[in-house]
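Take a look at the structure set out below.
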Amino acid sequence: MLSMLRMRSTALRWWMLAGLWLIYVCFGLVMASLAPLVTAVATDLNVGLATMGFIFSAWLIAYIPFAIPAGWIVDRWGVERALLLACVLIALSAAGRALATNDWQLFLAVALFGVGGPLVSSGAPKLVGQWFESSERGLAVGIYISAPIFGGALALALTHSVLLPWLDNQWRAVLWFYCVVTLLTAVLWFLLYRLPMVRTAQAKKIVHPPATPAIYIQLLRDVQVRRILWLGAGILFLNHGLNNWLPQILILRGMTDVAAGYWSAAPTVVGLIGALLVPYYTPAKKRLAVLIIALLASAGGTLFLFADVSIWLYAGLVLQGVAKSALMPLTILLLIEYPGVGIRYAGAASGLYFTFGQIGGAAGPSAIGSLAEWTHAFSWPLWVMVVVTLLLMHVAWQFNRYAAQKTALESLSQ
């Protein structure tokens, strides 16, 4: 009987992770939904590249003030109900995009995504911390990090090749399709977490009280936590900046719309595979070294994007995927397993991480779009990305050096 209960508990946590994965797929779908549609949307609404860059950043601008309250909601309401609310808000964002008739309506619809998104970002690490032991968290984080990558790849790859032809080339219909998919996912998640066995397992878990303002101040005073926040800001600057403009960059390099859609998904596909493997197979002591290698791959991949359509351009896309597979999951693992954070403050720390992270994320699409419109090319934006990557390598090196010094001092004191 006891072995049956253990088997049921083991299976249950993977079902919870599967539900989280589906929610994060919808997150990726809606997040990337406008990138392959930028030409049609900009033409229909009569807006320029700089305005579209500002619209791309709308959810990131909203995300920043909502990230810390989202961490509090996750702790107060529970992960399961917070994720349900997130799913509904993401669906409403997709619907608002489909209904928009001018740039400000589209901006507000995209901004609504920034209200629901932080609930997913803050809730996911907490759910993994509650349901998985330390030895399995690397795999669990890798799995759920793969979900938005997978969702974004689907949006980029299928929009021009499948969805637009199927939906009479109506970009609004594509967004309505994403809305329906997200609402169905919300229903599935509700049915899953309301199962009696899930509720019984929840009742047995240790519940930590919501973080107080003093906890946030305590976390911000920690120099290592601040370094992780800087890493998050830079990584999301790179991710969101490139994700939103990569199709346009590839079109300017000589690809067709359909080819650019497929190849824009290439880094995402590589990142999807890597996200499942890198966190799981990277020992805790090697995470910083792998993080620095991933940043180096990102810098090299960005330089290769200067090439015309050739083996070098394709190599750049693969390197970007390699970087994408490691940067986010490894920094999240560094955060939730850092002694000053742990599972107790995972919700609060994740809220801080994504608050600071999305400051960089919001700057990415807008800065790249504005620079591209000003210079009539993407060369300067790509150089900015290379410089940001090199600065992140310096921050990661400082984190590693501080950690080594602290370990050495603790050994001497013993």
ask   = Got at least one residue in the range 65-77 being of a type in the set (Gly, Ala, Ser), crowded, with 24+ Cβ neighbours inside 10 Å and at pLDDT 85 or above?
value = no
task = Please list, ordered by first then second residue, the pairs with beta carbon atoms under 7 Å, 6 or more apart or interchain, first in the range 82-106 and open to solvent by 10 Å² or more (accessible area, probe 1.4 Å), second part of a loop (DSSP other than H, G, I, E, B) and not small (Gly, Ala, Ser).
result = 103/47
ask   = Within the range 344-354, is there a residue that is open to solvent by 40 Å² or more (accessible area, probe 1.4 Å), touching a residue at least 12 places away in the same chain (Cβ under 8 Å), over 24 Å from residue 296 (Cβ atoms) and outside any helix (DSSP H, G or I)?
value = yes
task = Keeping to the range 277-309, report how many residues are closer than 30 Å to residue 133 by Cβ and not basic (Lys, Arg).
result = 16
key: Which listed residue is out of contact with any Leu (no Cβ under 7 Å at 6 or more places or on another chain), farther than 17 Å from residue 275 by Cβ, buried (at least 19 other Cβ atoms within 10 Å of the Cβ) and of a type outside the set (Asp, Glu), from 163, 183, 192   = 163
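The rows are residues; the columns are (1) under 29 Å from residue 226 (Cβ atoms); (2) open to solvent by 60 Å² or more (accessible area, probe 1.4 Å).
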site: 283; (1), (2): yes, yes
site: 292; (1), (2): yes, no
site: 295; (1), (2): yes, no
site: 310; (1), (2): no, no
site: 313; (1), (2): no, no
site: 331; (1), (2): yes, no
site: 335; (1), (2): yes, no
key: So residue 254, is it over 20 Å from residue 365 (Cα atoms) and surrounded by 20 or more Cβ atoms within 10 Å (Cβ to Cβ)   = no
query = For the range 227-236, does any single residue satisfy the condition of being open to solvent by 70 Å² or more (accessible area, probe 1.4 Å), β-branched (Val, Ile, Thr), modelled with pLDDT of 85 or more and part of a helix (DSSP H, G or I)?
reply = no
task = Would you check which residues across the range 107-118 are out of contact with any Lys or Arg (no Cβ under 7 Å at 6 or more places or on another chain) and either among the small types (Gly, Ala, Ser) or free of Cβ contacts under 8 Å to residues at least 40 places away in the same chain (or both) and list them?
result = 111, 114, 116, 117
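The values are calculated or read from the model by the stated rules, or taken from the named source; none is laboratory data. These figures come from a predicted structure and were not determined experimentally. No Cβ is skipped: glycine too gets one built from the backbone with ideal geometry, and neighbour counts run over all protein chains shown. Heads up: the accessible areas ignore ligands, DNA and RNA and are worked out on the full protein's heavy atoms, side chains in. Shrake-Rupley method; radii C 1.70, N 1.55, O 1.52, S 1.80 Å.
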